[in-house]
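S.K.: Have a look at the structure that comes next, please.
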There are 2 protein chains.
Amino acid sequence: MTVRIGLLGFGTIGSSVYALIEKEHDAILEATGVDLRVGKILEIDLSKAGVAAPAELFTSDFESIMADPQIGIVVELIGGIDWAFRYVEESLRRGKNVVTANKQLLANKGAALFQLAKDEGRQIRFEASVGGAIPVIKVMRESMIAADLHTVYGIVNGTTNYILTAMYRGEGDYLDTLARAQQLGYAEADPTADVAGHDAAAKMAILASIAYHSRVTMADVAREGIEKITAGDVQYAKDLGYVIKLIGAARLIDGRVNVRVHPTLVPAAHPLASINGSYNAVYLRGHAIDEIMLTGPGAGGIPTASAVVSDIVSIASTKTAGFLQNCSCYKVLDFLPDDEVVSTFFIRVRVEDRAGVLARIASAFGEHDVSIESMLQKNRGTTPSWCSSPTPREREASSRLSTRSPACRW
Amino acid sequence: MTVRIGLLGFGTIGSSVYALIEKEHDAILEATGVDLRVGKILEIDLSKAGVAAPAELFTSDFESIMADPQIGIVVELIGGIDWAFRYVEESLRRGKNVVTANKQLLANKGAALFQLAKDEGRQIRFEASVGGAIPVIKVMRESMIAADLHTVYGIVNGTTNYILTAMYRGEGDYLDTLARAQQLGYAEADPTADVAGHDAAAKMAILASIAYHSRVTMADVAREGIEKITAGDVQYAKDLGYVIKLIGAARLIDGRVNVRVHPTLVPAAHPLASINGSYNAVYLRGHAIDEIMLTGPGAGGIPTASAVVSDIVSIASTKTAGFLQNCSCYKVLDFLPDDEVVSTFFIRVRVEDRAGVLARIASAFGEHDVSIESMLQKNRGTTPSWCSSPTPREREASSRLSTRSPACRW
């Protein structure tokens, strides 16, 4: 069976998809019977492409891809929301299936696109939108179909993990390590989407929607970035036996959904503590499976292209649209607001060197029904003292770093 | 779409499959459109079943399942090779698709069954045969279709991992911990299949066949069990900074396949070192993906049933037989014999307390072109001294425990 794709975008990922299809064409044909071909490539700016492709494949005319009856699958890799939405919408209307790596598109416009795909009897696959080469979407939608998932959490942003890993290794403060990440191409010139947690929030919205069969958008995700974390924070956490990671967590608690992204103190012995650099890791917990974890490279042209190609072959191999393929949000669950979620918090308090000051802090916590799990005082005097304050109602395995807790703001 | 299954066997896994289908029926229907029903159950001995099912579902007549045109999928959970082979063969011939958890069947009779499935245009799915709830088969066959895998390794037997974990924790010697594993149901009354590595070898044969598209059977796997490991071995390894694990490894080296299962010294900081109890973990390494790891419960009725149910829904969702579904062994690769594989070995030598004896050991190793990576001498005198000897040609990340190395047998 010949499967011809229209490739939208020929930047890092697009050109990697092209190269990978060229390299693995014969192996894919032998293993699956799919004769995979790139029919057309929509791209004007070829300066970002890492590989060459025949000039006759390129077009600047999206309509020529739509009008080509041989092209059955459109692969959207241009990014952004507006144009990507128009292209994907038009592709579905014109009878094409769609593969995309665009997490922002799905986290913001997913509802409309999945409904359209269902109405048109077409598929949208989006493995590459979360976790790079890690097949978390297929695993959740197909392998976990009977698992009754209740918790999804992990490290889903490589840029922040690279920065936090470098800070943990003592390679500098936040701005130093961010600058190095930018030099090495791990962070964008404007790093906001990554460091403020928007990218991770979009990914967690996608994972939560799949896990709980109820629509979760970016706006539903409580979000806190890593911009305020100092080398001192990282060192204090280390002294307490923790590693600071940007953790995304989506939970189903008493039928309500809570999704959040924030820096978290992970115990040094926890496997997530050793997920370093641009690697990602996702834990899936469900009633039937206890806990499954997947780790792997969270980004990179070829790893992401590997996920895109597997989506293309999966579309070619599956029967019906609307059947495992698209977001099956058949429920409308309520959200559990983030301020109703009880957590362990990590609090740093800088105090004057006066007798009795720690006792006053402790009693203030007590008055507000906050119990202290562990406390570390360093450099008696003007330097910070720290305390970790879990509530009696719920103790989570990992602590939440924050200075926002009302009980601790005084 | 109504999908009716014939369930062969109603032991731990079979009854868990029944229970999980009952529990998740509505969720699966909503999410995928598959109305999943158990049509008939072939079982006479109901003493092993953990749950009840309506009496009218049970039959002792396999032919009644074959003759039922409403049953499209046969789920083989009786185990063993002879009867399972007959039932699976007959099911395929009679136009049924097959789901099985039977690793011994596939590792020994896979070639004939996959060929038959291909000829008949039917699918065999077998996610539950390796790694319990971990979706390693689907991930390898579908998500890694363009990954160009060259290494698959990990912990694929829960019984031995339970025993080795208990020994590492100082809970006793091999026979003590085996006895406790038997009491708790983690090991069979005759534990040979697990502790001698047969179970792990069957699983590695399956994984290698999928990874390299070339048939690997049980007989092709070099195998060494954990029966000779003493509490002393475990302690010495610990002192050297290692954890002893039963590791399965399938490698593609210069176009030749090497598959083996043996106790291995894993560095304590390696993630595999912290896979404890009956958990399993599989690493997949490929040119396009760097490294993906999956961990999760390697056994248990409900986790295994979760994999079986996902296979059933996957069959109902996919188009063509022979297309991603069956073993695509379109190559016939040579094997790299295990004695041609250069490894790091872990060697324990008990010596007399005489001056110069260590020098003689070291020079003997040198004469045989064996270099010593690290050496630990304990209790000078009659107690053992140890050395780890990697060769200059190849250093592997993990060492191989063995006293079989010719260079060290003197």
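The values are calculated or read from the model by the stated rules, or taken from the named source; none is laboratory data. Since we're looking at a predicted model, the values are computed, not measured. Here the Cβ is made from the backbone with ideal geometry for all residues, glycine too, and neighbour counts use every protein chain on show.
S.K.: Taking region A:298-321, which residues are in a helix (DSSP H, G or I) and within 20 Å of the chain's Cα centre (by Cα)? Spell out how you get there, then give the answer.
M.R.: Quick first cut of region A:298-321, residues in a helix (DSSP H, G or I) only: A:301-317.
Listed by number, the residues that qualify are A:GLY301, A:ILE302, A:PRO303, A:THR304, A:ALA305, A:SER306, A:ALA307, A:VAL308, A:VAL309, A:SER310, A:ASP311.
S.K.: Moving to a separate point now. Quick check on region B:281-297. Is at least one of its residues more than 7 Å from every other protein chain (Cβ to nearest Cβ), modelled with pLDDT under 95 and not in a helix (DSSP H, G or I)?
M.R.: First, the residues of region B:281-297 that are more than 7 Å from every other protein chain (Cβ to nearest Cβ): B:281-287.
When the remaining residues are screened for being modelled with pLDDT under 95, the result is none.
No, that holds for no residue.
S.K.: What's the number of the condition B:LEU207 fails, among (1) surrounded by fewer than 20 Cβ atoms within 10 Å (Cβ to Cβ); (2) modelled with pLDDT of 95 or more; (3) more than 14 Å from chain A (Cβ to nearest Cβ)?
M.R.: (1)
S.K.: Would you mind stating whether A:ARG122 is more than 14 Å from chain B (Cβ to nearest Cβ) and at pLDDT 95 or above?
M.R.: Answer is no for this residue.
S.K.: Restricting region A:328-343 to residues that are of a type in the set (Ser, Thr, Tyr) and within 22 Å of the chain's Cα centre (by Cα), which is farthest from the other protein chains (Cβ to nearest Cβ)?
M.R.: Applying the filter and picking the extreme gives A:SER343.
S.K.: May I ask you to list the residues in region B:65-87 that are in a helix (DSSP H, G or I) and surrounded by 14 or more Cβ atoms within 10 Å (Cβ to Cβ)?
M.R.: Let us first name the residues in region B:65-87 that are in a helix (DSSP H, G or I), namely B:65-66, B:82-87.
B:ILE65, B:MET66, B:TRP83, B:ALA84, B:PHE85, B:TYR87, listed by residue number.
S.K.: Does any residue of region B:295-308 turn out to be under 28 Å from A:ILE302 (Cβ atoms) and not aliphatic (A, V, I, L, M)?
M.R.: Looking only at region B:295-308, we keep the residues that are under 28 Å from A:ILE302 (Cβ atoms), and these are B:295-296.
Narrowing further to those that are not aliphatic (A, V, I, L, M): B:295-296.
Looking through region B:295-308, at least one residue is under 28 Å from A:ILE302 (Cβ atoms) and not aliphatic (A, V, I, L, M).
S.K.: Now a separate question. Have a look at A:PHE346, A:PHE365 and point out the one that is within 37 Å of the chain's Cα centre (by Cα) and part of a strand (DSSP E or B). Spell out how you get there, then give the answer.
M.R.: Details: A:PHE365 fails: part of a strand (DSSP E or B).
The match here is A:PHE346.
S.K.: Considering region B:345-375 alone, what residues qualify as being among the polar types (S, T, N, Q) and in contact (Cβ under 8 Å) with a residue 60 or more places away in the chain?
M.R.: Of the residues in region B:345-375, the ones among the polar types (S, T, N, Q) are B:363, B:371, B:374.
Answer for region B:345-375, where residues must be among the polar types (S, T, N, Q) and in contact (Cβ under 8 Å) with a residue 60 or more places away in the chain: just B:SER374.
Table: residues versus (1) out of contact with any strand residue (DSSP E or B) (no Cβ under 8 Å at 6 or more places or on another chain); (2) crowded, with 16+ Cβ neighbours inside 10 Å; (3) within 19 Å of A:TYR242 (Cα to Cα); (4) among the hydroxyl-bearing types (Ser, Thr, Tyr).
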residue	(1), (2), (3), (4)
A:HIS287	no, no, no, no
A:ILE292	no, yes, no, no
A:VAL308	no, yes, no, no
A:SER317	no, yes, no, yes
A:VAL332	no, no, no, no
A:LEU336	no, yes, no, no
A:ARG348	no, yes, yes, no
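S.K.: Continuing with this model, one more query. Name the single residue that is nearest to B:ALA133 (Cα to Cα) among those in region B:1-33 being outside any helix (DSSP H, G or I) and more than 30 Å from the chain's Cα centre (by Cα). Can you show your working first?
M.R.: At the first step, the residues of region B:1-33 found to be outside any helix (DSSP H, G or I) are B:1-11, B:33.
Adding the requirement that they be more than 30 Å from the chain's Cα centre (by Cα) leaves B:1-2, B:33.
Numbers: B:MET1: 25, B:THR2: 25, B:GLY33: 23 Å.
Among those that are outside any helix (DSSP H, G or I) and more than 30 Å from the chain's Cα centre (by Cα), it is B:GLY33.
S.K.: Quick one: B:PHE62 ticks every box in (1) more than 13 Å from B:LEU7 (Cβ to Cβ); (2) surrounded by fewer than 24 Cβ atoms within 10 Å (Cβ to Cβ); (3) at pLDDT 95 or above bar one, so which box is it?
M.R.: B:PHE62 satisfies every listed condition except (1).
S.K.: What's the number of the condition A:LYS245 fails, among (1) more than 20 Å from A:ALA268 (Cβ to Cβ); (2) at pLDDT 95 or above; (3) not hydroxyl-bearing (Ser, Thr, Tyr)?
M.R.: Just one mismatch for A:LYS245, condition (1).
S.K.: Further, regarding this structure: Give region A:6-63 a look and list any residue that's within 14 Å of another protein chain (Cβ to nearest Cβ) and at positive phi, or say none.
M.R.: Within region A:6-63, A:GLY33 is the sole residue that qualifies.
S.K.: Buried (at least 24 other Cβ atoms within 10 Å of the Cβ) and within 14 Å of another protein chain (Cβ to nearest Cβ) - does that describe any residue in region A:100-117?
M.R.: No.
S.K.: Quick one: would you say A:ILE292 is under 16 Å from A:VAL156 (Cβ atoms) and among the aliphatic types (A, V, I, L, M)?
M.R.: Details: under 16 Å from A:VAL156 (Cβ atoms): yes; among the aliphatic types (A, V, I, L, M): yes.
Criteria met by A:ILE292.
S.K.: Additional query: Confirm whether B:ALA133 is among the hydrophobic types (A, V, I, L, M, F, W, C), in contact with a strand residue (DSSP E or B) (Cβ under 6 Å, 6 or more places away or on another chain) and either closer than 17 Å to B:ASN280 by Cβ or facing chain A (nearest Cβ under 7 Å) (or both).
M.R.: Details: among the hydrophobic types (A, V, I, L, M, F, W, C): yes; in contact with a strand residue (DSSP E or B) (Cβ under 6 Å, 6 or more places away or on another chain): yes; either closer than 17 Å to B:ASN280 by Cβ or facing chain A (nearest Cβ under 7 Å) (or both): yes.
For B:ALA133, the condition - among the hydrophobic types (A, V, I, L, M, F, W, C), in contact with a strand residue (DSSP E or B) (Cβ under 6 Å, 6 or more places away or on another chain) and either closer than 17 Å to B:ASN280 by Cβ or facing chain A (nearest Cβ under 7 Å) (or both) - is met.
S.K.: If you go through region B:45-67 one residue at a time, how many are closer than 17 Å to B:ILE13 by Cβ and among the β-branched types (Val, Ile, Thr)? Let's see the steps before the verdict.
M.R.: So in region B:45-67, the residues closer than 17 Å to B:ILE13 by Cβ come out as B:45-53, B:57-58.
Pick out the ones that are also among the β-branched types (Val, Ile, Thr) and you get B:51.
Summing the residues that are closer than 17 Å to B:ILE13 by Cβ and among the β-branched types (Val, Ile, Thr) in region B:45-67 gives 1.
S.K.: Something else now. So, in region A:126-160, how many residues would count as being assigned to a strand (DSSP E or B) and at pLDDT below 95? Before you say what the answer is, go through the steps one by one.
M.R.: Restricting attention to region A:126-160, the residues satisfying the condition of being assigned to a strand (DSSP E or B) are A:149-155.
Now drop any that are not at pLDDT below 95, which leaves none.
Matching residues across region A:126-160 total 0.
S.K.: Quick one: which of B:GLY300, B:GLY356 is within 14 Å of chain A (Cβ to nearest Cβ) and on the phi > 0 side of the Ramachandran plot? Steps first, please.
M.R.: Details: B:GLY356 fails: within 14 Å of chain A (Cβ to nearest Cβ).
Result: B:GLY300 is the single residue among B:GLY300, B:GLY356 that is within 14 Å of chain A (Cβ to nearest Cβ) and on the phi > 0 side of the Ramachandran plot.
S.K.: A further question follows. Give region B:167-184 a look and list any residue that's in a helix (DSSP H, G or I) and either not assigned by TED's automatic domain parsing to the domain that holds B:VAL234 or not polar (S, T, N, Q) (or both), or say none. Before you say what the answer is, go through the steps one by one.
M.R.: Here is the first cut: in region B:167-184, the residues in a helix (DSSP H, G or I) are B:167-168, B:174-183.
Of everything in region B:167-184, those that are in a helix (DSSP H, G or I) and either not assigned by TED's automatic domain parsing to the domain that holds B:VAL234 or not polar (S, T, N, Q) (or both) turn out to be B:MET167, B:TYR168, B:TYR174, B:LEU175, B:ASP176, B:LEU178, B:ALA179, B:ARG180, B:ALA181.
S.K.: Return a yes/no flag: does region B:54-64 have any residue that is part of a loop (DSSP other than H, G, I, E, B) and touching a helix residue (DSSP H, G or I) at 6+ places or on another chain (Cβ under 7 Å).
M.R.: no
S.K.: Name the single residue that is surrounded by the fewest Cβ atoms within 10 Å (Cβ to Cβ) among those in region B:38-59 being within 27 Å of B:PHE114 (Cα to Cα) and not hydrophobic (A, V, I, L, M, F, W, C).
M.R.: B:GLY39
S.K.: Inside region A:171-197, can you point out the residues that are in contact with a strand residue (DSSP E or B) (Cβ under 9 Å, 6 or more places away or on another chain) and touching a residue at least 60 places away in the same chain (Cβ under 8 Å)?
M.R.: A:GLY197
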